[in-house]
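Engineer: Sharing a structure below in structure tokens format, with a few things to ask.
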Amino acid sequence: MARKIAPVPKGYRTVTPYLVVRGADAAMDFYTEVFGAKVVSRVYGDDDVTVLHAEMKIGNSIVIVSDERPAFGVLSPLAFGSSPVAQHLYLPGVDATWEKAVEAGCTVLVPLADTQYGERFAKVVDPFGHI
């Protein structure tokens, strides 16, 4: 009898962001420094440079990262000049994280401020093109 496979792998949520970036190693260093990500795994291609699949954890969520691979139609937001998708992060210490993000090279779209619905909110584009 075949082993039953869980519909959602252990440690994952039902929606998991998959970020394609230009320079995955640098991106994961950035996400570690700015957002407190912890790299869980990383698999390189035959060239030992291209990240084919990496997983990192931010808070209680897994985020998958890979390098862009234009030959396969896998492109980062930098290839398009923008991204139609944004990642929404809930983080403790948002003011300190905001400072780190701006100092580390994020472009500010919406400055950090209190909202009418009770949250502190900001919007940035990271150096890899993700909002």
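The numbers here are math on the coordinates, done by the rules we state, and not lab data. Nothing here was measured: the structure is a model prediction, and the numbers come from that model.
Engineer: Which far-off residues, 5 or more places away or on another chain, put their amide H under 5 Å from the one on Val40, with H placed in the peptide plane?
Structural biologist: Those qualifying (amide H under 5 Å, at least 5 residues apart or on another chain) are Glu55, Met56, Lys57.
Engineer: Once every DSSP H run of n ≥ 4 in the chain is given -39500 (n - 2.57) and the sum is divided by its residues, what mean residue ellipticity at 222 nm do you get, rounded to the nearest 500 deg cm²/dmol?
Structural biologist: -5500 deg cm²/dmol
Engineer: Spelling out what I want: for every residue of the range 39-56, take phi, set θ = phi - 60°, compute 6.51 cos²θ - 1.76 cosθ + 1.60 (Karplus), and round to whole Hz; glycine and proline get x.
Structural biologist: Values, residue by residue: 6, 9, 7, 7, 10, 9, x, 4, 7, 6, 10, 6, 7, 7, 6, 9, 10, 9 Hz.
Engineer: Here is a further query. Return the long-range amide H neighbours of Arg69 (sequence gap of 5 or more, or a different chain), with a cut-off of under 5 Å between placed amide H atoms.
Structural biologist: Counting only residues 5 or more places away or on other chains, the set is Val74, Leu75.
Engineer: Moving on to the next point. Spelling out what I want: for every residue of the range 122-129, take phi, set θ = phi - 60°, compute 6.51 cos²θ - 1.76 cosθ + 1.60 (Karplus), and round to whole Hz; glycine and proline get x.
Structural biologist: Ordered by residue, 3J(HN,Hα) equals 8, 9, 9, 10, 6, x, 9, x Hz.
Engineer: Restricted to Cα positions, what overall size does the range 90-131 have along the principal axes? Three whole-Å values, descending.
Structural biologist: Projected onto its principal axes, the Cα set of the range 90-131 covers 29, 17, 15 Å.
Engineer: Enter the angle in degrees (range 0 to 90, nearest 10) between the Cα long axis of helix 24-35 and the first principal axis of the Cα atoms of the chain, meaning the one along which they spread out most.
Structural biologist: Long axis of 24-35 versus the principal axis of the chain: about 40 degrees.
Engineer: Sticking with this one: Based on C-alpha coordinates, I'd like the Rg and Dmax of the chain, in Å.
Structural biologist: Computed over the Cα atoms of the chain, radius of gyration and Dmax are 16.1, 56 Å.
Engineer: Which of Phe72, Phe121, Phe80 ends up with the largest GNM mean-square fluctuation for the chain, with Cα atoms connected below 10 Å?
Structural biologist: Result: Phe72 has the largest fluctuation of those listed.
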